[in-house]
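Asker: Got a structure for you, written out below as structure tokens; questions coming shortly.
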Amino acid sequence: MTAATFEFVSYLPQPAPNRSVGAARTDRTATPVRGWFSQDNVLRKISTALLGLAEAPANAAPIPSAHELVVTAAQNGRVEQMMALRRTLIEYKFLTHDWDGYDGQPAKATALLDVLEFLVQLPHTLPVPSPMLSGSGAIGLYWDRGTHYASLEFEGDGTYTSLTDGPDGYGGAEGIAARTLPAALQHYLASLPIAG
């Protein structure tokens with residue numbers, strides 16, 4: 001291998017080798033193909049463009065556009081925000097009695113389960129909420145955008161209460177199943193201004 005030659009090993013799925021009569025039995029797939037980065041498709045695509053490697057294999061996807069890279073970065077940021085939110089919510093369960101100096105209770109286990117169940121079905125297009133905990137052990141989620149506000153409170157009975165406040169006035173509902181997101185509330189959350 002000369003200084004101008006680069007070799008990378010790909011561990012992308014390869015078709016199973018053809019067995020011929022008298023061939024040794026093997027459970028391995030074909031040997032790795034030379035000429036591509038392993039592990040990450042994006043790195044593989046970028047390496048192809050930067051190093052000017054001859055031809056991409058038939059299964060190689062095109063190099064992502066700048067827009068696709070921005071969307072991917074935003075999605076990764078949202079994933080990190082959701083993980084931090086879930087971590088905080090779980091920590092609420094392990095707070096000590098009187099955590100707020102006013103006889104505050106740790107989060108109710110049932111409220112924690114309800115809010116986590118709600119977050120699983122929260123569309124990825126909606127902004128990530130902030131957490132809150134009441135002294136009674138109820139867990140809340142809220143979105144505060146100055147002129148627009150929304151909050152959900154989970155008492156631990158399988159439902160939540162919603163409250164919205166914006167330029168068009170107040171809104172809200174009680175007894176919404178934790179596994180659901182009413183269309184009106186989803187529309188309101190989707191219309192929230194971007195946090196600044």
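Asker: Looking for something closer than 17 Å to Ala183 by Cα, of a type in the set (Val, Ile, Thr) and not in a strand (DSSP E or B) - is there at least one such residue anywhere in segment 120-136? Explain how you work it out, then say what you get.
Answerer: Of the residues in segment 120-136, the ones closer than 17 Å to Ala183 by Cα are 120-127.
Next cut, of a type in the set (Val, Ile, Thr) only: 120, 125.
Restricting the remaining residues to those that are not in a strand (DSSP E or B) gives 120, 125.
Taking every residue of segment 120-136 in turn, at least one turns out to be closer than 17 Å to Ala183 by Cα, of a type in the set (Val, Ile, Thr) and not in a strand (DSSP E or B).
Asker: Ok, one more. Can you tell which of Thr125, Thr164, Thr96 is more than 23 Å from the chain's Cα centre (by Cα) and closer than 15 Å to Ala190 by Cα?
Answerer: Going through Thr125, Thr164, Thr96 in turn, just one is more than 23 Å from the chain's Cα centre (by Cα) and closer than 15 Å to Ala190 by Cα: Thr164.
Asker: Specify which of the listed residues (Ser134, Ser151, Ser162) is without any contact (Cβ under 8 Å) to a residue 40 or more places away in the chain, of a type in the set (S, T, N, Q) and closer than 21 Å to Gln81 by Cα.
Answerer: Numbers: Ser134 fails: closer than 21 Å to Gln81 by Cα; Ser162 fails: closer than 21 Å to Gln81 by Cα.
Being without any contact (Cβ under 8 Å) to a residue 40 or more places away in the chain, of a type in the set (S, T, N, Q) and closer than 21 Å to Gln81 by Cα holds for just one of Ser134, Ser151, Ser162, which is Ser151.
Asker: Output the number of residues of segment 178-193 satisfying the condition of being of a type in the set (Gly, Ala, Ser) and not in a loop (DSSP other than H, G, I, E, B).
Answerer: Step one: of segment 178-193, the residues of a type in the set (Gly, Ala, Ser) are 178, 183-184, 190-191.
Adding the requirement that they be not in a loop (DSSP other than H, G, I, E, B) leaves 183-184, 190.
So the count comes out to 3.
Asker: Still on this model: Counting just the residues of segment 130-168 that are aliphatic (A, V, I, L, M) and surrounded by fewer than 18 Cβ atoms within 10 Å (Cβ to Cβ), which one comes out farthest from Pro193 (Cα to Cα)? Spell out how you get there, then give the answer.
Answerer: Of segment 130-168, the ones aliphatic (A, V, I, L, M) are 132-133, 138-139, 141, 150, 152, 163.
From the residues that got through so far, the ones that are surrounded by fewer than 18 Cβ atoms within 10 Å (Cβ to Cβ) too are 132, 163.
On the way: Met132: 21, Leu163: 17 Å.
The selected residue is Met132.
All of the numbers you see were taken from the coordinates with simple rules; none came from a lab. Just so we're clear, the structure is a prediction, and the values are computed from it rather than from any experiment. Methodologically, a virtual Cβ is constructed for each residue, glycine included, from the backbone with ideal geometry; neighbour enumeration extends over all protein chains shown.
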